[in-house]
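The values are calculated or read from the model by the stated rules, or taken from the named source; none is laboratory data. It should be emphasised that the depicted structure is a prediction, and the values quoted were computed from it without experimental measurement. Positions of Cβ are generated from backbone atoms using ideal geometry, with glycine treated the same way; all protein chains shown enter the neighbour counts. For accessibility, only protein heavy atoms count, side chains too; no ligands or nucleic acids. Shrake-Rupley method; radii C 1.70, N 1.55, O 1.52, S 1.80 Å.
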Amino acid sequence: MNTTATRTPAPAAAEGTHDVITVSGLHKHFTSPTGDVLPVLQDIELTLREGEIVALLGKSGSGKSTLLRHIAGLLAPSSGTVRYRGAPVNGPNPGTAMLFQSFALMPWLTVQQNVELGLQAKGVLPYTRRRQALEAIDTVGLDGFENAYPKELSGGMRQRVGFARALVVEPDVLLMDEPFSALDVLTAQTLRNELLELLARPQSPTRTALLVTHSIEEAVQLADRILILGSDPGTIAAELRVDLPRPRNRRTPGFEALIEDAYECLTGERSDTPAPLGTHDPLGAAAPLPQANVEQLTGLLEELDGQDGAMALPALADALSYEVDDLMPLVEAAQLLAYARIDTGELRLTATGRGFANADILTRKHLFAAAVLANVPLIATIRTLLMASDGGRLREHHVTDRLLAGSSEQASRQQLALAITWGRYAELFEYDARDRVLLLPHEDHVAGGAR
Ligand code: ADP
Ligand code: MG
């Protein structure tokens, strides 16, 4: 199908001749200052065909930006190749331009000067540069703002400058790294539609795009094909075709079913049992805690319980007035704690989850503590170390250095903060922010000391 009024996808025939980007056998690992090797991408095979919009969907930290940078030629693979129209990419990829979430505009340059930057880098002469920049500014609807500075513009207008700057160099392939994430919902929606329009212009030299996103809805709305990047290390875990007519929204037949499919692919890997407590397994990296707040998780379980224990994810999102994507960490947490599982597109309470939803406040804390100790190695290990320690104290850096080694600094700080919140709620430990130590709760300490 895929018959849109405005876009025609690449012909499926003549396989190979229309491949714009080919990634084969790509592996990437980073090495930390302490010499630890962090594998990030593994066995990546990916082809972008002329005229397609492909979304690369994955959780935060799965390696999406890293893969995009390889395609842009800004990072070199540890092994494997990236090709642009058959030619190996060994430096900045001449066929691509990049659009970032953060807009990345130069604050001291005007809109026009910002747009001209890319052309300048290509050695285009000033007169031509000016003319092409003005045209691009016009195309993205910023006529009249040529001489404005970025700080005078709203977020949406800044990202339009980002579009103009990327499109003015007439790239064969537009690479986008979460370009709508920093915008409010309505602005993001407007710019998504404008992006499709820009790529569909009959005279557009840019017709192929790779969009990195963590938003399932965005992927289903924009892409011809969705590649799902699994984590640790990142591999392409699944591919979904989106053969829906455009323009698409939630009411487009088939839209919600695709959201459910993508959801299942993304969360499916969670059904694995938590990683074992090997000494070489950095715990946070092996089973990262989802960014879920316990009150919200409780609300979700109560809602499910009120609906006979099972609901399709889009319906659940509606009932809770959440965006489907914002529900994700809660769904992950529910699965991690064995409170619910995904079953043919529905989130279904388990017996444990039902027990939790129906318990009183105090009982919930005990049940939560048991679930966390059984399913979250990071918290279970912190608790064990605290019980074994002199005085029931554990320095924060002990956790980040040893248990979370191998995660980036930001990731490890985030994991520690989550572990503290969950651990506190479960009354498994307390935290002293001034001294940066984790502590056993008083009663446990007394019990522990009397052993
Ligand atoms: P995503 O874009 O999917 O959120 P990234 O590609 O930014 O993920 O990062 C994937 C993983 O690689 C993360 O664990 C991140 O900490 C790590 N990483 C990314 N860049 C570097 C780097 N330059 N050095 C070390 N680790 C990195
Ligand atoms: Mg990223």
Item to check | HN-Hα J in Hz across the stretch 335-342 - Karplus 6.51, -1.76, 1.60, θ = phi - 60°, x for Gly and Pro | outcome: 6, 4, 8, 6, 8, 7, 9, 7
Next on the checklist: Could you check the spin-label model distance between residue 130 and residue 398? Points 7 Å from the Cα along Cα→Cβ, value in nm.
Outcome noted: 6.8
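With N set to the residue count of the chain, report its C-alpha Rg divided by 2.2 N^0.38 Å to two decimal places.
Output field value: 1.09.
If I take every Cα pair under 8 Å that is 6 or more residues apart in the chain, average their sequence separation and divide by the length, what percent do I get for the relative contact order?
Relative contact order of the chain: 14 percent.
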Next on the checklist: What does the net charge come to around residue 27 if you take all other residues with beta carbon closer than 15 Å to its beta carbon, with K and R at +1 and D and E at -1?
Outcome noted: -1
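With +1 on each Lys and Arg Cβ and -1 on each Asp and Glu Cβ, how big is the dipole of the chain about its Cα centre, in debye rounded to the nearest 20?
1140
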Item to check | Options 370, 291, 306, ranked by Cα towards positive dipole end of the stretch 290-372, top entry (Cβ charges) | outcome: 370
Item to check | Expected 222 nm ellipticity per residue - DSSP helices of 4 or more, -39500 (n - 2.57), all of the chain, to 500 | outcome: -12000 deg cm²/dmol
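Just to be sure I follow: if Rg is taken over the C-alpha atoms of the stretch 290-372 and Rh is the Kirkwood radius over the same atoms, what is Rg/Rh?
Values: Rg = 11.5 Å, Rh = 12.4 Å.
That ratio equals 0.93.
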Next on the checklist: Through the Karplus equation 6.51 cos²θ - 1.76 cosθ + 1.60, θ set to phi - 60°, convert the phi angles of the stretch 300-310 into ³J(HN,Hα) values in whole Hz; use x for Gly and Pro.
Outcome noted: 5, 5, 5, 4, 4, 4, x, 10, 6, x, 8
Next on the checklist: Rounding to the nearest 10 and keeping the result within 0 to 90°, find how far the Cα-based axis of helix 409-425 lies from the longest principal axis of the chain.
Outcome noted: 40
Checklist outcome for this item: Residues whose modelled amide H sits under 5 Å from the amide H of residue 52, counting only those 5 or more places away in sequence or on another chain, are 10, 209
Item to check | Two-decimal ratio, the stretch 207-256, of alpha-carbon radius of gyration to 2.2 N^0.38 Å | outcome: 1.21
Checklist outcome for this item: As a percent rounded to 5, the proportion of antiparallel DSSP bridges among beta bridges in the chain is 60
Checklist entry - What are the residues whose amide H is under 5 Å from the amide H of residue 105, where those residues sit 5 or more places off or on another chain and H is modelled from the backbone? => result none
Checklist outcome for this item: Carbon/sulfur accessible area of the chain, % of total, 1.4 Å probe, equals 53
Item to check | Reach of residue 64 by Cα under 16 Å, taken over lysines that are not fewer than 8 positions away in the same chain | outcome: 28
Next on the checklist: Which log10 I(q)/I(0) values does the stretch 10-148 give at q = 0.12 Å⁻¹ under the Debye formula, counting every alpha carbon as one identical point scatterer?
Outcome noted: -0.67
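Could you compute the net charge surrounding residue 174? Neighbours are other residues with a C-beta less than 12 Å from the C-beta of residue 174; K and R count +1, D and E count -1.
Value of the local net charge: -2.
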Next on the checklist: Please list, ordered by chain and number, the residues whose modelled amide H lies under 5 Å from the amide H of residue 40; skip anything fewer than 5 residues away on the same chain.
Outcome noted: 28, 29, 30
Checklist entry - Per-residue HN-Hα couplings for the stretch 195-204, Karplus 6.51 cos²θ - 1.76 cosθ + 1.60 at θ = phi - 60°, whole Hz, x for Gly and Pro? => result 4, 4, 4, 4, 6, 8, 4, x, 8, 5
